[in-house]
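A.B. asks: Pasting a structure below so you can have a look.
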Amino acid sequence: MAHDNAPQARRIGIVGGGPGGLTLARLLVAQGLAPIVLELDAGPEARPQGGSLDLHPESGLLALDRAGLRAGFEAIARHEDQEVRIYARTGELLFEDADAAAGDRPEVDRGELRGLLLASLPAGTVAWGQKVTRIEPLADCTMRVHVAAAAPRTFDVVVGADGTWSRVRPRLTTARPAYSGVTFVELEVADIDAAHPTLARLVGRGKLFAPGDRKAIIAQRNGHGTVRVYVAQHAPERWARELAGVPAANVKAQLLAALAGWAPALRGFIEHSGDHVRAQPLYALPVGLRWPHRRGITLLGDAAHAMSPFAGEGVNNAMADALALAAALAEPAWDAAVARYEAAMAVRIAPSAVASADGLAQAMSVDGAARMVELMRSHSPPHRELTSAR
Ligand SMILES: Cc1cc2nc3c(=O)[nH]c(=O)nc-3n(C[C@H](O)[C@H](O)[C@H](O)COP(=O)(O)OP(=O)(O)OC[C@H]3O[C@@H](n4cnc5c(N)ncnc54)[C@H](O)[C@@H]3O)c2cc1C
């Protein structure tokens, strides 16, 4: 039986170097522990990290505070990009935040957040190019982690921080993510302020939602003048695979055909996007997922509670998990503390899992714009409602 060794001697393997896994690694290092992160990507620049995120005071920002990274975060945060606008498919502006720049949910580009976290870790903490294939429990309650094309490694505790399609989760539960029926096609408009001032005015300083007709255009300001655009629609699960390798111009033509009759201004986000096209079917684990606690293995972030992005809580949840789990793993009786972490996580996460499922259902309905305005009215304090088109 593995014994509760001193925290500094504890061998902790974190599978996955996303925002959740890296935040956990940083928080453990700050407490004098020496985790190893096994990350699938070949290196920090192996793939684009995706769009902008807003971090919340009670979760993502709190984790950065505790990790001693708040000053570094402020250097890359975009407080000025917190505006939210909702348009009808006709182009009519229905809702706009009153004073978004004063909000408490600053935006940050994912790649920059990852860079901040990576730079805070001692050299060698992240092992790149490690595709974890399975976890094997050993007789002494330690865990052997099998990695494709590399020798296995043994840890006292393995944390699955490897996202929706976790290779760690199957050791704890047979639950699998279910397809929501909605697929996002991600596009990018570069240099928006200089090259496309009309689109820049529409998106404002933050995010634009234009839902309707069981579809949606979502545009989100990223750093460096880029706007990331998601075109959402109900589609068969296989559609994303079918789009792989299709030239960008053909994908955009398909999207424009699906949005025939939508305001030309909104269609402009598709027409003026570049060659970046990425189809993302949205998946979710069952709301309130629990598993029987097992010594030496646990989960955080999307591996534990993947949900659609409609509540905007995914990264924040993952970082809040990291905060709670880092405290548990540093306790003398860490196994009991991890069991308490799992129980508390299920309770903490359930409301955002419910909200994200509800947000998707509302936004992707026939009258999505009106329903989203209602949701925003119920959630956000001061707002300004507009009735005339711009
Ligand atoms: C289109 C879209 C938009 C979103 N927008 C937002 C938003 O605005 N705000 C928000 O809070 N959330 C958003 N989310 C959700 C958010 O992206 C996730 O909740 C968040 O990234 C989860 O973090 P994580 O660290 O748990 O997992 P991930 O970010 O998925 O990271 C997992 C890591 O594990 C690695 N990995 C995977 N498999 C293996 C393996 N077998 N071996 C080793 N490593 C592996 C991956 O390479 C990756 O680095 C969005 C999601 C989508 C799909």
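A.B. asks: Cut-off is 10 Å between beta-carbons; in what order do Val277, Val29, Val159 appear when sorted fewest neighbours first? Please list the in-between numbers first.
C.D. replies: Values: Val277 21, Val29 18, Val159 32.
In order of increasing Cβ crowding within 10 Å: Val29, Val277, Val159.
A.B. asks: Moving on to the next point. Note the direction-averaged projected area, equal to a quarter of the hull surface, for the Cα convex hull of region 178-237, in nm².
C.D. replies: Values: hull surface 18.4 nm².
Answer in nm², one decimal: 4.6.
A.B. asks: Also, I was wondering about something else. Using amide H atoms built in the peptide plane, which far-off residues or other-chain residues are under 5 Å from Ala306 H to H?
C.D. replies: Result for Ala306 returns Leu285.
A.B. asks: Near the amide H of Ser365, under 5 Å away, which other amide H atoms are found, from residues 5 or more places off or on another chain, if H is placed in the peptide plane?
C.D. replies: Arg214
A.B. asks: Between Arg377 and Glu136, 0.36 nm times their residue separation minus their Cα-Cα distance comes to what?
C.D. replies: Extra length from Arg377 to Glu136 when fully extended: 81.8 nm.
A.B. asks: Next up: Can you run phi through the Karplus equation (6.51, -1.76, 1.60; θ = phi - 60°) for region 226-236 and list ³J(HN,Hα) in whole Hz, with x for Gly and Pro?
C.D. replies: Result, ordered by residue: 8, 10, 8, 10, 10, 9, 9, 8, 6, 7, x Hz.
A.B. asks: Residues in region 155-182 near a label at Arg144, defined as backbone nitrogen under 20 Å from the 7 Å Cα→Cβ point?
C.D. replies: 155-160, 167-172
A.B. asks: To the nearest 10 degrees, how steep is helix 334-363 against the longest Cα principal axis of the chain, on a 0 to 90 scale?
C.D. replies: 10 degrees
A.B. asks: How big is the dipole moment of region 32-134 about its Cα centre under a simple scheme where the beta carbon of each Lys and Arg is +1, that of each Asp and Glu is -1, and everything else is neutral? Debye, nearest 20, please.
C.D. replies: 720 debye
A.B. asks: Let me ask something additional. When only C-alpha pairs under 8 Å and at least 6 residues apart count, what is the relative contact order of region 220-308, in percent?
C.D. replies: Dividing the mean separation by the residue count of region 220-308 yields 25 percent.
A.B. asks: Any idea which of Thr142, Phe155, Trp165 is furthest toward the positive side of the dipole for region 131-206, if Lys and Arg beta-carbons carry +1 and Asp and Glu beta-carbons -1?
C.D. replies: Farthest towards the positive pole: Thr142.
A.B. asks: A follow-up question, please. Over all directions, how big on average is the projection of the convex hull of the alpha-carbon atoms in the chain, in square nanometres? Don't skip to the end; give the middle numbers.
C.D. replies: Numbers: hull surface 74.2 nm².
Projected area, direction-averaged: 18.6 nm².
A.B. asks: Also, quick follow-up: If you take every residue apart from Ala284 with its C-beta less than 15 Å away from the C-beta of Ala284, what net charge results, scoring Lys and Arg +1 and Asp and Glu -1?
C.D. replies: Values: positive: Arg169, Arg176; negative: Glu237, Asp302, Glu313, Asp358.
It works out to a net charge of -2.
A.B. asks: Compute the whole-percent fraction of alpha carbon pairs in region 119-206 spaced more than 15 Å apart.
C.D. replies: When all Cα pairs of region 119-206 are counted, 74 percent exceed 15 Å.
A.B. asks: Residue separation times 0.36 nm, minus the C-alpha to C-alpha distance between Gln254 and Glu242: what's the value?
C.D. replies: Between Gln254 and Glu242, full extension yields 3.1 nm more.
A.B. asks: Now, a different point. If R0 is 22 Å, what FRET efficiency do you get for Ala9 and Ala127 from their C-beta distance, rounded to 0.05? Intermediate results must be reported in sequence, preceding the final value.
C.D. replies: Working: r = 19 Å, r/R0 = 0.89.
Calculated value: 0.65.
A.B. asks: Between Gly103, Gly223, Gly160, which gets the highest mean-square fluctuation from a Gaussian network model of the chain, Cα cutoff 10 Å?
C.D. replies: The residue that fluctuates most here is Gly103.
A.B. asks: Return, ordered by residue number, the residues of region 54-85 whose backbone nitrogen is under 15 Å from a label point located 7 Å along Cα→Cβ of Asp193.
C.D. replies: Output list for this probe position: 78-83.
A.B. asks: Moving on to the next point. Taking θ = phi - 60°, what integer Hz values does the Karplus form 6.51 cos²θ - 1.76 cosθ + 1.60 yield along region 30-40, in sequence order, with x for Gly and Pro?
C.D. replies: Running phi through 6.51 cos²θ - 1.76 cosθ + 1.60 with θ = phi - 60° gives 5, 9, x, 8, 10, x, 10, 9, 9, 10, 4 Hz.
A.B. asks: With +1 on each Lys and Arg Cβ and -1 on each Asp and Glu Cβ, and nothing else charged, work out how big the dipole of the chain is about its Cα centre, in Debye to the nearest 20.
C.D. replies: Working: 41 positive and 42 negative charges, 195 e Å.
Here the chain has a charge dipole of around 940 debye.
A.B. asks: If you put +1 on each Lys and Arg Cβ and -1 on each Asp and Glu Cβ, how big is the dipole of region 1-69 around its Cα centre, in Debye rounded to 20?
C.D. replies: Rounded to the nearest 20 debye, it is 240 debye.
A.B. asks: Roughly speaking, what is the stretch gain from Glu45 to Ala102, that is 0.36 nm per residue apart minus the C-alpha to C-alpha distance, in nm to one decimal?
C.D. replies: 17.2 nm
A.B. asks: So, by mean Cβ neighbours within 10 angstrom, what's the order for 212-220, 368-376, 253-261 with the highest one leading?
C.D. replies: 212-220, 368-376, 253-261
A.B. asks: Within the chain, what percent of beta bridges assigned by DSSP are antiparallel, to the nearest 5?
C.D. replies: 75 percent
Where a number appears in this text, it was derived from the coordinates with a stated rule and is not lab data. Predicted, not measured: the structure shown is a model, and the values here were computed from it. Every residue, glycine among them, receives a Cβ derived from its backbone with ideal geometry; neighbour counts consider all protein chains shown.
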